[in-house]
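Trainee: One structure follows; several queries about it will come next.
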Amino acid sequence: MKALGSYYRISLSRGREVITVAEEIDVVKNYMSIQQVRYGDIFTMHYDIDENSTRHKILKLILQPLVENSLYHGIKPKGEKGNIYIRCRQYDQYIELAVEDDGVGTDRETISMVLDNRYDADAKPSFGLRGTIERLRIFYGLKDPVSIKSTLGVGTTVTIRIPIKKEERNG
């Protein structure tokens, strides 16, 4: 119940569009705590967070759909316990956030459809990921804010690069 309350409190964030990286990580931790209650030990979460990056503000609710995809489209279909890794690094010009899993992976055509916002009626839609990519494109004015690497039977990594505002770099 505590995780659910925290998840909604941070997710709503008093109507703000942007939150700190630290708050975004808390959203993921609370969401995955709820999923742990639901699914037990089907997955293990791993966090590798550069503390310097946590003060920067980013568009909210961009990681939660990625970890949800890792769980539902990567780990669950695998049929055995899996791992989900969240990494966050600060570089001079940008913050890099990555969600990686050791799930079933996907093929290049599916990745292309998601990144190009195409929809194949026979494929499983990934509305959360597509919506997140589109939100990032619009909010940051970027053509390619997300990269996806995947190998069937090995897993998937989704990486987001968010520019750091000049005043945040100097502050």
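The values are calculated or read from the model by the stated rules, or taken from the named source; none is laboratory data. Because the structure is predicted, anything quoted here is derived from the model rather than measured. A quick note on method: Cβ atoms are made from the backbone with ideal geometry, for glycine too, and the neighbour counts reach across all protein chains shown. The accessibility values were calculated without ligands, DNA or RNA, using every heavy atom of the protein model including side chains. Shrake-Rupley method; radii C 1.70, N 1.55, O 1.52, S 1.80 Å.
Trainee: So which of Ile84, Ile164 ends up being modelled with pLDDT of 95 or more and crowded, with 18+ Cβ neighbours inside 10 Å?
Mentor: Ile84
Trainee: Determine which member of the set Val18, Val27 is surrounded by fewer than 17 Cβ atoms within 10 Å (Cβ to Cβ) and of a type outside the set (S, T, N, Q).
Mentor: Val18
For every residue, the table says whether it meets (1) without any contact (Cβ under 8 Å) to a residue 40 or more places away in the chain; (2) in contact with a Gly (Cβ under 9 Å, 6 or more places away or on another chain); (3) of a type in the set (A, V, I, L, M, F, W, C).
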| residue | (1), (2), (3) |
| --- | --- |
| Asp48 | no, no, no |
| Lys78 | yes, yes, no |
| Lys81 | no, no, no |
| Tyr94 | no, no, no |
| Glu109 | yes, no, no |
| Asn117 | yes, no, no |
| Phe139 | no, no, yes |
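Trainee: Could you please find all residues in region 141-152 being surrounded by fewer than 12 Cβ atoms within 10 Å (Cβ to Cβ) and free of Cβ contacts under 8 Å to residues at least 40 places away in the same chain?
Mentor: Across region 141-152, the qualifying residues are Gly141, Lys143, Asp144.
Trainee: Any residue that is at pLDDT 95 or above and touching a helix residue (DSSP H, G or I) at 6+ places or on another chain (Cβ under 7 Å) - is there at least one of those in region 5-23?
Mentor: Within region 5-23, one or more residues are at pLDDT 95 or above and touching a helix residue (DSSP H, G or I) at 6+ places or on another chain (Cβ under 7 Å).
Trainee: If you don't mind, another one. All but one of (1) within 18 Å of the chain's Cα centre (by Cα); (2) modelled with pLDDT under 95 hold for Arg169; state the number of the condition that does not hold.
Mentor: Just one mismatch for Arg169, condition (1).
Trainee: How about region 53-67: which of its residues are more than 12 Å from Pro163 (Cα to Cα) and in a loop (DSSP other than H, G, I, E, B)?
Mentor: Within region 53-67, Thr54, Arg55, Lys60, Leu61, Ile62, Leu63 meet the criteria.
Trainee: Related question: Here are Val37, Val99, Val104: which of them is more than 15 Å from the chain's Cα centre (by Cα) and not in a helix (DSSP H, G or I)?
Mentor: The unique qualifying residue is Val104.
Trainee: So which residues in region 48-64 are surrounded by fewer than 20 Cβ atoms within 10 Å (Cβ to Cβ) and within 16 Å of Thr159 (Cβ to Cβ), if there are any at all?
Mentor: Within region 48-64, Asp48, Ile49, Asp50, Leu59 meet the criteria.
Trainee: Anything in region 30-41 that is open to solvent by less than 40 Å² (accessible area, probe 1.4 Å) and in contact (Cβ under 8 Å) with a residue 24 or more places away in the chain? List them, or say none.
Mentor: Passing the criteria: Asn30, Tyr31, Met32, Gln35.
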